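Asks: Structure incoming, see below.
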Amino acid sequence: MKIGLLALQGAIGPHAEAFRALGATPVEVRTPEQLADVDALVIPGGESTTMSKLLATSGLADPLRERLAAGLPAFGTCAGMIVLARTVLDGRPDQRSYDAIDVTVRRNAFGRQIDSFEADLVVAGLADPFHAVFIRAPFVEEVGDGVEVLATVGGHPVLCRQGSVLVTAFHPELTADLRLHELFLTLTD
Ligand code: GLN
């Protein structure tokens, strides 16, 4: 299983380590040719406005939209969740998202005072809480009918799944807990 890691911007090293530890093969994706060669794609944290621009200039925007529409399994963390969302609130006017999961997200939704924090999340389907690191994180404001909300903070969804698309408002790659990467791998089968 080749897991593509979108490597235009943001930190992919910890995601690569997590997938390697689980026996998958992470490969960097920067070009349309590389995208065509992967079985799933991770869109990491970083800055969604910058990622949106780089997707356009790298020629990846259209192929990515096509592969997602054709059911490419995708895992978006933080900025990656914003990129995969149907609708983005508080984005830049020219920011594009890819409508791979039927959610409306608000960028930097937790506000300045608590723009970064950690929380032990109760996650549907996991026996023990997941220690989650939030960094200038978005949250989900609206979910469509087909979306399963797996965890919330203050009533706001921060972990959602629709089919083989998984999104987190936090950074699961920054802790040693591999359970969400493992969950994503089960969605790619
Ligand atoms: N605030 C960033 C954005 O809007 C996301 C931050 C992150 O990925 N840690 O894209």
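The values are calculated or read from the model by the stated rules, or taken from the named source; none is laboratory data. Computed from a predicted model, the values in this text were never measured in an experiment. Every residue, glycine as well, gets a Cβ built from its backbone with ideal geometry; the counts of neighbours run over all protein chains shown.
Asks: Anything in the range 137-169 that is assigned to a loop (DSSP other than H, G, I, E, B) and either closer than 16 Å to Val122 by Cβ or modelled with pLDDT under 95 (or both)? List them, or say none.
Replies: Within the range 137-169, the subset assigned to a loop (DSSP other than H, G, I, E, B) is 137-138, 144-147, 154-155, 163-164, 169.
Scanning the range 137-169 gives Gly154, Gly155, Ala169.
Asks: Next up: In the range 45-57, how many are more than 7 Å from the ligand (Cβ to nearest atom), crowded, with 17+ Cβ neighbours inside 10 Å and of a type in the set (Gly, Ala, Ser)?
Replies: Number of matching residues: 1.
Asks: How many residues are within 13 Å of the ligand (Cβ to nearest atom) and among the hydroxyl-bearing types (Ser, Thr, Tyr) when one looks only at the range 65-92?
Replies: So the answer is 1.
Asks: Return the only residue of Gln113, Gln95 being modelled with pLDDT under 95 and either near the ligand (Cβ under 8 Å from one of its atoms) or assigned to a loop (DSSP other than H, G, I, E, B) (or both).
Replies: Gln113
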